[in-house]
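Q: For reference, the structure I am asking about is given below.
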Amino acid sequence: MTHVNATDDLTRLPRDAAETKSLPTVSRTHTHDSLREGISLGLVVATVIWLWLAVVDALVGEPFLSFTVLGGIAGFTVMHYLLNVALAVALMSMVHGARRTPSAIYAVGFGFIMLELAFALVTAAFSNSRLGELAWVRVFGGNVIGSVIALVIVMRRHPLVAILHEAERET
């Protein structure tokens, strides 16, 4: 067993397979379930974004305008929650897959970049609608906030940085 102190270089990568450490876990007694974790993550993120849209609309004096433009309050809410839960379940499945195959973390990152690009394009389209220039604050702002919250939640439960380092060693 090696001793680690403040002067040890914890960023040093192992030089051979004999030095490779297993990926850390948050809890050895907790089992990870993509469906359960994805549903809870999706519900949290969807609620935060929904509240963001409602607050921004209220602050600019146009209560629920975003919901109206995006399909009505009920229609938007149902689709919004369903899409967020579906995306979160897919994300958690990919993160769990990356624990077994670390290089899969690159697909997670690429997918995230593509999703953000898609939201930027959708926001640009909505900026020419009744949402106007505030579409960037409403739609894209909500997406960025939701993404940051999702990243924080996932990183608290999964060693994404360790998985990335392991993927780098594989390549």
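We did not get these values from a lab; they are worked out from the coordinates using the rules stated. No experiment lies behind these values; they were computed from the predicted model shown. Please note: Cβ atoms are built from the backbone with ideal geometry, for glycine as well, and neighbour counts cover all protein chains shown.
Q: How do 106, 81 line up, fewest other C-beta atoms within 10 Å first?
A: Numbers: 106 14, 81 17.
Arranged by neighbour count, lowest to highest, 106, 81 become 106, 81.
Q: Between residue 94 and residue 118, how many nm apart are label points set 7 Å from Cα along the C-beta direction?
A: So the label points at residue 94 and residue 118 sit 1.0 nm apart.
Q: A follow-up question, please. How far, in nm, would the chain grow between residue 43 and residue 152 when pulled straight, counting 0.36 nm per residue and subtracting the alpha carbon separation?
A: Working it through step by step, the gained length comes to 37.8 nm.
Q: Which FRET efficiency, nearest 0.05, do residue 106 and residue 137 yield, Cβ-Cβ r, R0 22 Å?
A: Once the sixth-power term is evaluated, E becomes 0.10.
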